[in-house]
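> This is the structure I want to talk about, given as structure tokens.
The values are calculated or read from the model by the stated rules, or taken from the named source; none is laboratory data. None of the values given here were measured: they were computed from a predicted structure. Note: ideal-geometry Cβ built from the backbone for every residue, glycine included; neighbour counts use all protein chains shown.
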Amino acid sequence: MNDNHTNENYGQIAETLNLSEENTVSKAEGLINNLKSFFKGIRTGFSQKSERSVLSALLESLYIKFLSGKTKATAVFLLSFSIVSLVISYVLNASVGAFISDIDTFCAIVLFIISLILFTTNKSFHSLISNSKILSSLSISYNEQSIRISANASHSTETVYSTPFFLGIICGIFTVIYPVSVICSFIVSLICVLFIINRPECGMLFIISVLPIINNALLLTFACTTFLSLLYRYLLGKRHINFGISALLMLISMAYIIIRCASSSGNVFTGRLYLYLAFYVSCFSYINLIRSTAMFRRTFNVLIRMTRAFTFILVVFYICNMLLPDTIVDAFLTNLGFDSLIHSLSTASFVAPFLAMAVPLNFAMLVCGEKGIGTIKNVFYLILLLASMLYVSSYPLILISILACVSILAFYNKRFIFLIFPAPLVAFGIYKLFSLVPEAYRLSATAEKAMKIDLVIKAIKAKPIFGAGPEAAYSGGNMLLSILLTFGFMGLILLAAVLIFMTSRSVRFIISDVMKANTARFLSIGLLCAQLSFMSVCIFTDIYCDINSVFMFAAIISASVTSGKCYEADYIDQSMVREYRRK
Amino acid sequence: MKNSHRGLNYVDILLLAASALVFAILISVFFKNSSQIDFSPKETITLTLKVKDVPIEHSKLIKADNTLYYADTERVFGKVKYASYSEETVEFVDKLTNTSAIYKSPDKQTALLLVEASAELIGKDFYVSDCKLAVGDAVELFAPAYSFSATVVKIESDKE
């Protein structure tokens, strides 16, 4: 009797618990639904307002007008600009005795020649970009109908050539104060920003392609513009942002870094703050921009081309440094305005992780890429990479690269896994062989480690959880110590959590049976190995003292993470399709 | 049809603010300190600086055209004309632990160097007559992505 009574009681309690659980779930669901509908309302309102926005229409029409513009108009602009700047430089040299550098005169002459070449063709920029292999890989195509309509409309006006002519004269007059090269770079940057505002994907592709040679401030500007453009397109409903766990962790990390810097006693806006924020902002943007197989392939191709171009430059730089007297190459590149390129070429915190990333990527291309001429090309670039390793002759770097290549081979055929055992010996042999090259020509990847590590450890022990803050910028050493010192264990745990969550999807795709032994899987494996070897190099190099390395880190992680996602779903971003249909 | 309803709204304000920000950054990136005409009276002041605590790899970053700042401020006051390196034993005071240590150079890879950089000053605040800098003052030398602490050891003017 008692047992029955107790059972009934238990039943009642269970029912009550179930009901309360259901209530809680339904309340939570209701809250999420309310939040969703609230944000949907904001996006709808924003989208409706932007339909009637003057500036939004202006930016879009500027973009279309630029694409539909004829190359002859640009030729007129460049011709008037170059002639005016040449005249001004001659007058200034003759009358005032002002010094105009040879490089600027050279720039003006180059512009003049380009203008003459452009006069021979009367294509629109859209067709020029479409026909160019390099430019088409960096830009996102636009609805051709809109461009044709705009082109026809602009044909009927008389201002087609007069506007660029006068603009060229105005820009030419500015060369009294500013060099031709600066004005040219400014105009090109403005065009890039116009492209990024209308197509955030262009920003991502552009940053990846030029990250070793571009100025730090410009890199940050383009990254921020890409991020803002993505947010704007999201609010318009033309792009999608995935607010998953990794995005949430990234936001928490960003918030932590900002709060930690704000609570420190020193200058809040230090280089370190920008570096850390740039990493998270870039990762967030790239992961949300690579949302289709086509976009992933395009990003991958740009990444590969960037690695190959930089490897080629690295080998040429290295050979020139060996053959020519010291600083001649540096001085030549500085005069041309390639300060950032010299920095990238002569800093181990960029070159070492770059090589660690480039070797597995190119090896994966060799294993799974096209055969025949493609194989010869891939072998050639691998040889170039090996040659550039002479420049940073470091045992850990060589070992990491070999292990990454062996891992790719092991995925290809399990028998190759045994190559892992002789790898350290082979790496040691290569290292000893490379050591025959005089030390003066080599860049030491581990030089920074020589700084007083015991003092750094003492400082970490003093403030282990939240770190010493950005003012304790420990330049050099390795990435882990640097993060521990600046942002403590909290900073390190947050970064590790972001990386683990992001990488898990890629790993799941590789080990799953969805696609066995196909190109997509090997590309994913190559990217994952490149990412892991990049991260391994960070154990003895601090990439967080170099903004170019930080952007490279963001690019490789994003490409690696999105590879699995794109191929697994093999979908096309519907919000992007909507935008194309609307036009 | 669509254009007839167009007018300024909060989207315009947001876009205007963002565009202005990007435009301002681009202008500051390209046109700050890139003027080829010297508007200041013609007096060249040359500073000799000592830059300490720099590993070889980083010291190579100190080159002509690197920017000089006042210590702890963001005010630019000059550019490096040339930099030379000499390998010496230097005293290094660690800012974190406030301890000092003598660094020797056991090999070229680990040595800390004494870098001497001669800098040309810009701007009319820096004539010798009312120069805000004095021998012994601390300045910051900014090479791409790195900032070096330096001490003024000599001030010279071509008009003295």
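> Report every pair of residues separated by at least 6 positions or lying on different chains whose Cβ atoms are under 9 Å apart, first residue within segment A:360-389 and outside the structural domain of A:F522 (by TED's automatic domain parsing) and farther than 28 Å from A:Y431 by Cβ, second in a helix (DSSP H, G or I) and among the β-branched types (V, I, T).
none
> Would you confirm, using the coordinates I've provided, whether A:S229 is crowded, with 21+ Cβ neighbours inside 10 Å, touching a residue at least 60 places away in the same chain (Cβ under 8 Å) and of a type in the set (S, T, N, Q)?
The answer is no for A:S229.
> Which pairs have Cβ atoms under 8 Å, sit 6 or more apart or on different chains, and link a residue in segment A:329-357 that is over 30 Å from A:V406 (Cα atoms) and hydroxyl-bearing (S, T, Y) to one that is part of a helix (DSSP H, G or I) and modelled with pLDDT of 75 or more?
A:T334/A:I342; A:S340/A:N216; A:S340/A:N548
> Collect the residues in segment A:407-422 that are of a type in the set (A, V, I, L, M, F, W, C) and either surrounded by fewer than 16 Cβ atoms within 10 Å (Cβ to Cβ) or not assigned by TED's automatic domain parsing to the domain that holds A:A530 (or both), keeping them in residue-number order.
Passing the criteria: A:F416, A:I417, A:F418, A:I420, A:F421.
> Against the definition (modelled with pLDDT of 75 or more and assigned to a helix (DSSP H, G or I)), how does A:S130 come out, yes or no?
So A:S130 passes the test.
> Name the one entry in A:F222, A:F312, A:F284 that is of a type in the set (F, W, Y), surrounded by 21 or more Cβ atoms within 10 Å (Cβ to Cβ) and away from chain B (no Cβ under 14 Å).
On inspection, the qualifying residue turns out to be A:F284.
Per-residue answers, yes or no, for (1) under 18 Å from the mean Cα position of the chain (by Cα); (2) not assigned by TED's automatic domain parsing to the domain that holds A:M357:
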site: A:S209; (1), (2): yes, yes
site: A:T226; (1), (2): yes, yes
site: A:I259; (1), (2): no, no
site: A:N288; (1), (2): yes, no
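> Every residue in segment A:48-57 that is within 9 Å of chain B (Cβ to nearest Cβ) and in a helix (DSSP H, G or I), please.
Residues satisfying the conditions are A:K49, A:S50, A:E51, A:V54, A:L55, A:S56, A:A57.
> If you check A:S146, A:S150, A:S185, which single one turns out to be modelled with pLDDT of 85 or more, within 33 Å of the chain's Cα centre (by Cα) and either within 14 Å of chain B (Cβ to nearest Cβ) or over 19 Å from A:S80 (Cβ atoms) (or both)?
Among A:S146, A:S150, A:S185, only A:S185 is modelled with pLDDT of 85 or more, within 33 Å of the chain's Cα centre (by Cα) and either within 14 Å of chain B (Cβ to nearest Cβ) or over 19 Å from A:S80 (Cβ atoms) (or both).
> Go through the residues of segment A:362-370 one by one and say whether even a single one is of a type in the set (S, T, N, Q) and part of a loop (DSSP other than H, G, I, E, B).
no
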